[in-house]
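One structure below.
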Amino acid sequence: MSDFDYPPAHDFQMVGAYPAVVSAGAGYVYDDVLEYRVWCYPDDGAEDLAGGNDYFYAFETFEEAEDFREETKGAQKPLALIRQFEWIDEVEPGEFRHEKGERIAEWGAELLEGRKREPGTIEKLLKSLK
């Protein structure tokens, strides 16, 4: 792993309150980290707490999530639940569009590094993708 300092959740009081089903990946940049999730799979040895279904635990920090994963059988690598107010949509392969609104998605936590949206980030990325 790199020396990247994973940002903590944007609002600790909301950790665990977000829906389980959200978008996955995409967008190239993020605005906020909402929580870190560790999904537990009974088929991989996690305790069966949801009638055989997968389930997750939510954490305020990546470090807490990673510690839990290391100690828990059937736990997967931490994912970051992120919020995007602006992002890049790949409409078709090689065709990109700047989108605005609010989007919540799960990302592999390792994708956070260097992807925090700042002023001009999307415009620079779009130029580099052409």
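The values are calculated or read from the model by the stated rules, or taken from the named source; none is laboratory data. If you're wondering where the values come from, they're calculated on a predicted model, not measured in any experiment. So basically every Cβ, Gly included, is an ideal-geometry build from the backbone, and we count neighbours across all protein chains shown.
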Do you know which of the residues in the stretch 14-30 that are aromatic (Phe, Trp, Tyr) and in a loop (DSSP other than H, G, I, E, B) is nearest to Val91 (Cα to Cα)?
Tyr28
Here are the criteria: (1) in contact with a helix residue (DSSP H, G or I) (Cβ under 6 Å, 6 or more places away or on another chain); (2) surrounded by fewer than 14 Cβ atoms within 10 Å (Cβ to Cβ); (3) not aromatic (Phe, Trp, Tyr). Tell me which single one Pro78 does not satisfy.
(2)
Can you tell me which residue in the stretch 84-94 is nearest to Glu63 (Cα to Cα), limited to those that are surrounded by fewer than 17 Cβ atoms within 10 Å (Cβ to Cβ) and touching a residue at least 60 places away in the same chain (Cβ under 8 Å)?
Asp89
Restricting to the stretch 95-116, name every residue that is acidic (Asp, Glu), under 14 Å from the mean Cα position of the chain (by Cα) and surrounded by 14 or more Cβ atoms within 10 Å (Cβ to Cβ).
Glu106, Glu110
Residue hits (the stretch 54-70; charged (D, E, K, R), closer than 19 Å to Phe4 by Cβ and in a loop (DSSP other than H, G, I, E, B)) are Glu60
Scan the stretch 50-77 and report the pairs whose first residue is closer than 15 Å to Gly108 by Cα and touching a residue at least 40 places away in the same chain (Cβ under 8 Å) and whose second residue is outside any helix (DSSP H, G or I) and charged (D, E, K, R), with Cβ atoms within less than 7 Å and a gap of 6+ or a chain change.
Ala58/Glu35; Ala58/Arg37; Phe59/Glu35
Residue check: is Tyr28 buried (at least 18 other Cβ atoms within 10 Å of the Cβ), modelled with pLDDT under 95, in contact with a helix residue (DSSP H, G or I) (Cβ under 9 Å, 6 or more places away or on another chain) and under 19 Å from Trp107 (Cβ atoms)?
yes
Examine the stretch 5-13 for a residue that is assigned to a loop (DSSP other than H, G, I, E, B), hydrophobic (A, V, I, L, M, F, W, C) and modelled with pLDDT under 95, and state whether such a residue exists.
no
Residue hits (the stretch 108-130; basic (Lys, Arg), more than 26 Å from Val22 (Cα to Cα) and not in a helix (DSSP H, G or I)) are Lys130
Among the residues of the stretch 22-69, write down those that are in contact with a Ser or Thr (Cβ under 8 Å, 6 or more places away or on another chain) and over 30 Å from Thr121 (Cβ atoms).
Cys40, Ala46
Does the stretch 31-46 contain any residue that is aromatic (Phe, Trp, Tyr), surrounded by 18 or more Cβ atoms within 10 Å (Cβ to Cβ), part of a strand (DSSP E or B) and within 16 Å of the chain's Cα centre (by Cα)?
yes
Within the stretch 119-130, does at least one residue satisfy the condition of being in contact with a strand residue (DSSP E or B) (Cβ under 6 Å, 6 or more places away or on another chain), loosely packed, with under 13 Cβ neighbours inside 10 Å and in contact (Cβ under 8 Å) with a residue 40 or more places away in the chain?
yes
